[in-house]
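Before any comments, here is the structure.
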Amino acid sequence: MPSSRIPSKFAALLGFVGMSAAAGVLATAAVTPAIAVSSVAAADTIGIFEELPAYLEIGDLAQRTNIYANNPDGTPYLLAQFYDQNRVEVPWESVSLYAKDALVAGEDPRFYDHGGIDLQGTIRAVINNALGRSVQGGSSITQQYVKNVNIQNFIRDASTQEEIDAAFDKATEVSEARKLREMRYALELEKKYTKDQILLGYLNIVAFGGRVYGVEAASNYYFGVNARDMTLPQAASLMAIVNNPEKFRLDYPDSTTNGAANGYAANKVRRDYILDKMLDEKMITQQEYEAAVAAPVEPRITQPEVGCAGADAGAGFFCDYVTNIFKNNEIFGPDEETRWRNFVRAGYDVYTTLDMELQNAAFSAISDTVPKSWDGVNIGGVAVTVQPGTGRILAMAQNKDYSDDPAVLQNNPNATAVNYNTDREYGGSSGFQPGSTYKVFTLLEWLKQGHGLNEAVDARRRDNWGAFRDSCEGGTVIAERGWNPKNDGGEEGGMWTALVNTVNSYNTGYLAMAKELDLCDIRNTAAALGVHRADGRELEKYPTTVLGTNEIAPLTMAAAYAAIAAGGNYCVPIGIERIVAKDGSDVPIPPITCNQAIDPNVAAGATLALQQAFRAGTGAPSASRINSDVPMFSKTGTTDDAWATWMMGGSSTATTVVGVFNVTGHVNLRNTRLPAGQAATLRHLIWPRIMNVAADKWGGEAFASPSGRVLTGRTYGIPNVVGLSLEEAREKIENAGFEFEDGGQQDSDKPAGTVIGTSPSGSAPAGELVRVFTSNGSLRTVPDAVAGLNTFADSQAALNAAGFAGVQERCVVDANLDGKPVGQDPPPGTAARPDTVITVTVAKPSC
């Protein structure tokens, strides 16, 4: 080639490169004069070398993040993977020697001989580029590694595809300046790292088409094997892709130039070229070569599941909850964009609280019972289990398939991206009314205020409940006139204790209890146990909310019930137990946050009542299906017109919330028949299946027994009604807050029909049954037959006049008295029957 065809600046440059490569040194002091001689523009080159750092900063590579649950034996169970770049960094020994040799043979046969720059290849590339021919690579593996590191450094902070494309273009701009920069970095890199370290770095960073990066992910994807297990033909085919990923990739089977029909011809040509080079370099034997060349190119595309949709056992919704923890918690970054970018690129191993044995039980119980869709009702079903004392979420399932793919959501009525178990902020809905399960917070406040389980209230049904206290608003709230909630069984009410109201879930009983409390305090007690609205609005506090009209996420209710099971110790629900970075270090996570929200004795009172509700009350349909003697408690809930039905409760080791409800719409579930039965009763088929597994797995201790006022409650004075008529006594007894009972008539000297006493008397808990006894007027009052009288005849006459016919004399000796009465039996004032014989004692000198 005539030298006149080569521009003078490149002739000088070639001389400089040759000297630099030969010396193995590229320093700014030497570069500047050489460039000056070559007349390269200062802005184009001199500034570049003067401003370049002396070393290449090799940042962390983007790797895929894995989310794990827990197997029964304690080992991790892979739930889902996330990545921007599908990459798994592996050590030297985890890469097949065939792959290492194929890369060197195909891309840089002199790799182990040069000092970072392949002089021959570089000269060839510079000449061709200078002559205006197609841009040539000519880069050594070290230079290619430098280029890939620069690309990764440029795109590390990019968030959008536009930013990524712009960063890539900047990192790969075609210019002599970039070449010089990469040469400088390559030489410096070779001083710091061994050849094997550079080769491994390149194998872990290089792109293999699409979102596949690094030799491990590429061998997984294209051949379904680990990088260490690749055969020679597989390794050569994989390294062929490195040269031109779009041209040689093996996941376009319909390609006319490199597809299944022509045996992936383009890749095979490049593969066989690499095999030729490997044979030339004596990396393989002739026999290995011939067998590999004869082998067809046979990819086995193994598409990794990306995101939560691939999680087993319906755990996609829990997986989605975990990703929202990353998006929402400031511990992972200053803003959601940064947090998510870190998550999908950091290569974390995220170990969660999910227990796969219990998750499978929850998922199968839901799947067997609640259909994914049903004509006439937008049916929803959920189950979520929380561990008391830690807040660990052990299971989370619902009756839908998880997907966040718009195309799937548009065409598949069985799929949703909405997590029914969680708040809206964490991928959930706006919540559901929990119905009577919310009554537990009124029960807790009742006990906190010194009332007892055996304390009764006037629970009679009425259409004017009047005023309820609300100190948050500085006064009272008036219930709407005509609002007349009924009890589920149609009971009209009476003087019912808090225990009776709880066991039977009486609406009127709980409204009567709330009237003696403060709606603000009830709301605050719920809030102390982490209860909040799923839509983020303030928790409401009206008379209606006593019966469960706030929209709350099931997970929130499960954590509150877990606090009751833990003796009042509330723990914020957690889904992440540990995060390990790719270097093996622990990443800070949201801590376990627990506090004693309720006095243990108050919690013990609640669990006592709820255990009875479980065994003999509204929870009995579930209790009958429990195959364990582990102590359990529960509370059921049904909203107006049975739009939603709930079963909540558990043991000291696991609390579970199960709900079957209208996702949208207002279909009465008591009038809805599904294959497993009446929709309103399905909760009692699901909850026991989950809790049986939990009981077998973790057991459970007996709940603490309450003491003192939690049982008896406050005592109040019983009115004195002696001498009143029966109806007058009834009014005073009932107005004082006690239950009245006519104890019947008894013998008395009081006028017939007048009250002569009560049982109990003095004081008793509110609502206590007070029996009232009246006189039958059958007795007479014995008069004083001694005082002022001088003879037995006088005493006899007095007693006869009082109605006592039978009078007898008894003589005692007294020399000073002669027939004077000195005593009587019965004594004066005694009430006695008219036929009673009265004995009068008379003193005489002798008897």
Q.
Taking only Cα atoms of the chain, what ratio of Rg to Rh do you get with Rh as the Kirkwood inverse-distance radius?
A. 1.30
**Q.** Solvent exposure of the range 432-481 as accessible area per residue, Å², 1.4 Å probe
**A.** 39
Q: Averaging sequence separations of C-alpha pairs under 8 Å and six or more residues apart, then dividing by the length of the chain, give the relative contact order as a whole percent.
A: 10
Q: Give, as a single signed number, the net charge of other residues whose beta carbon lies under 14 Å from the beta carbon of A565, with Lys and Arg counted +1 and Asp and Glu -1.
A: +1
Q) So what is the accessible area of the range 237-328 per residue, in Å², with the probe set to 1.4 Å? A) 46
Q | Within the chain, helix-based [θ] at 222 nm, where runs of 4 or more DSSP H residues each add -39,500 (n - 2.57), nearest 500 | A | -11000 deg cm²/dmol
(Q) At 7 Å along Cα-to-Cβ for each site, give me the label-to-label distance between D368 and Y252 in nm. (A) 5.0
Q: Per residue of the range 375-380, in order, report the coupling 6.51 cos²θ - 1.76 cosθ + 1.60 (Karplus, θ = phi - 60°) as ³J(HN,Hα) in whole Hz, putting x for Gly and Pro.
A: 4, x, 8, 7, 7, x
Q.
Report the Cα-based extents of the range 558-621 along its three principal axes, largest first, to the nearest Å.
A. 55, 29, 11
Q. Which order do peptides 393-402, 782-791 fall in by mean Cβ count within 10 Å, highest first?
A. 393-402, 782-791
Q: Filter the cross-link list K191/K277; K195/K582; K179/K327; K170/K192; K277/K582; K170/K191 down to pairs whose alpha-carbon distance in this structure exceeds 30 Å.
A: K179/K327; K277/K582
Q. Cβ under 12 Å from F332's Cβ, F332 left aside: what net charge do those residues give with Lys, Arg +1 and Asp, Glu -1?
A. -1
Q. For the range 127-262, what is the relative contact order in percent, using Cα pairs closer than 8 Å and at least 6 residues apart in sequence?
A. 17
Q. Order of 701-713, 588-600 by packing, highest average Cβ count within 10 Å first?
A. 701-713, 588-600
Q) Of all accessible surface on the chain at a 1.4 Å probe, what whole percent is carbon and sulfur? A) 49
Q) In degrees from 0 to 90, rounded to the nearest 10, what is the angle of the helix 336-345 Cα long axis to the longest principal axis of the chain? A) 60
(Q) Give me the net charge for the shell around L726: Cβ to Cβ below 14 angstrom, other residues only, Lys and Arg +1, Asp and Glu -1. (A) -2
Q | Antiparallel %, DSSP beta bridges [both residues in the chain], to 5 | A | 70
Q. Relative to the longest principal axis of the chain, what angle (0 to 90°, nearest 10) does the C-alpha long axis of helix 195-205 take?
A. 60
Q) What accessible area, in Å² to the nearest ten, does a 1.4 Å probe give for R461? A) 80
Q: With r as the distance between the Cβ atoms of E538 and V174 and R0 = 60 Å, compute the FRET efficiency 1/(1 + (r/R0)^6) and round to 0.05.
A: 0.50
**Q.** Karplus-derived 3J(HN,Hα), 6.51/-1.76/1.60, for each residue of the range 452-462, Hz, glycine and proline x
**A.** x, 5, 8, 8, 9, 10, 7, 9, 5, 5, 8
Q | Amide H contacts under 5 Å for Y77, placed H, 5+ residues apart | A | A69, N70, N71
Q: Any chance you could get the radius of gyration and Dmax over the Cα atoms of the range 502-649, in Å?
A: 17.6, 61
(Q) Quick check on the range 361-419: what are the equivalent-ellipsoid semi-axes from the Cα gyration tensor, as sqrt(5λ), descending, whole Å? (A) 25, 15, 8
Q. For T476, which sequence-distant residues (separation of 5 or more, or a different chain) have an amide H within less than 5 Å of its own amide H, given hydrogens modelled in the peptide plane?
A. D470
Q: Provide the packing ranking of 463-470, 420-427, i.e. peptides ordered by the mean count of other C-beta atoms within 10 Å per residue, highest first.
A: 420-427, 463-470
Q) What are the ³J(HN,Hα) values, in whole Hz, obtained from phi via the Karplus relation 6.51 cos²θ - 1.76 cosθ + 1.60 with θ = phi - 60°, for each residue of the range 84-98 in sequence order, with x given for Gly and Pro? A) 8, 10, 6, 9, 10, 5, 10, x, 3, 6, 9, 10, 4, 4, 4
Q | Cut-off under 5 Å, modelled amide H: who pairs with S778 long-range | A | S748
Q.
How tilted is helix 232-243 with respect to the longest principal axis of the chain? Cα atoms for both, answer in degrees (0 to 90, nearest 10).
A. 80
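The values are calculated or read from the model by the stated rules, or taken from the named source; none is laboratory data. On a predicted model such as this, the values are computed, not experimentally measured, just so you know. Backbone-built Cβ (ideal geometry, glycine too); neighbour counts: all protein chains shown. Remember, those area values only see protein heavy atoms, side chains included, never the ligands or the DNA or RNA. Shrake-Rupley method; radii C 1.70, N 1.55, O 1.52, S 1.80 Å.
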